[in-house]
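Novice: One structure, as structure tokens, below. Some questions next.
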Amino acid sequence: MRLRRSKTPPPQVNPTPTADPLRIAVLEHDLLGIQPQSGTAAALCIALRRTGACLQHDPIDVTTLGTPVRQALCSRCGTAMVDDDKGGWLIP
Ligand SMILES: [Zn+2]
């Protein structure tokens, strides 16, 4: 008994993954503070994150050694926060 082969070719796998320029632009904004050019997909992505996509901040501690104040970034919207000395986070 012979099985039929599917007519669709197998998906091509890119052997060398390339970085997504949109993701790079968003990371540059989040980590380095570089503003994307207005009218680009990166600017739209960042603007949409700030328009109600984050109903409750989900802080991630990003404090580095030598930093006098604990710092955090929201994993949903990228908002920077600082420690309020009461176990919570404040938006400066
Ligand atoms: Zn948030």
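Novice: I'd like to know if segment 64-71 contains one or more residues that are at positive phi, open to solvent by 60 Å² or more (accessible area, probe 1.4 Å) and outside the structural domain of residue 90 (by TED's automatic domain parsing).
Specialist: No: segment 64-71 contains no residue that is at positive phi, open to solvent by 60 Å² or more (accessible area, probe 1.4 Å) and outside the structural domain of residue 90 (by TED's automatic domain parsing).
Novice: Residue by residue through segment 24-33, note down the ones that are closer than 18 Å to residue 80 by Cα and surrounded by 11 or more Cβ atoms within 10 Å (Cβ to Cβ).
Specialist: Answer for segment 24-33, where residues must be closer than 18 Å to residue 80 by Cα and surrounded by 11 or more Cβ atoms within 10 Å (Cβ to Cβ): 25, 26, 27, 28, 29, 30, 31.
Novice: Please find, among 11, 21, the residue that is over 22 Å from residue 90 (Cα atoms) and surrounded by 11 or more Cβ atoms within 10 Å (Cβ to Cβ).
Specialist: 21
Conditions (1) within 13 Å of the chain's Cα centre (by Cα); (2) under 15 Å from residue 30 (Cβ atoms); (3) of a type in the set (Val, Ile, Thr), marked per residue:
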{"residue": "41", "(1), (2), (3)": "no, no, no"}
{"residue": "45", "(1), (2), (3)": "yes, yes, no"}
{"residue": "48", "(1), (2), (3)": "yes, yes, no"}
{"residue": "55", "(1), (2), (3)": "no, no, no"}
{"residue": "60", "(1), (2), (3)": "yes, yes, yes"}
{"residue": "75", "(1), (2), (3)": "yes, yes, no"}
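Novice: Which one is modelled with the highest pLDDT among residues in segment 37-92 that are within 16 Å of the ligand (Cβ to nearest atom) and polar (S, T, N, Q)?
Specialist: 71
Novice: Quick check on my filter: what residues within segment 43-63 are surrounded by fewer than 16 Cβ atoms within 10 Å (Cβ to Cβ), touching a residue at least 24 places away in the same chain (Cβ under 8 Å) and aliphatic (A, V, I, L, M)?
Specialist: Matches in segment 43-63: 53 only.
The values are calculated or read from the model by the stated rules, or taken from the named source; none is laboratory data. In this text the structure is predicted, and so the values were computed from the model without any measurement. No Cβ is skipped: glycine too gets one built from the backbone with ideal geometry, and neighbour counts run over all protein chains shown. Surface accessibility is based on the protein's heavy atoms, side chains included, excluding ligands, DNA and RNA. Shrake-Rupley method; radii C 1.70, N 1.55, O 1.52, S 1.80 Å.
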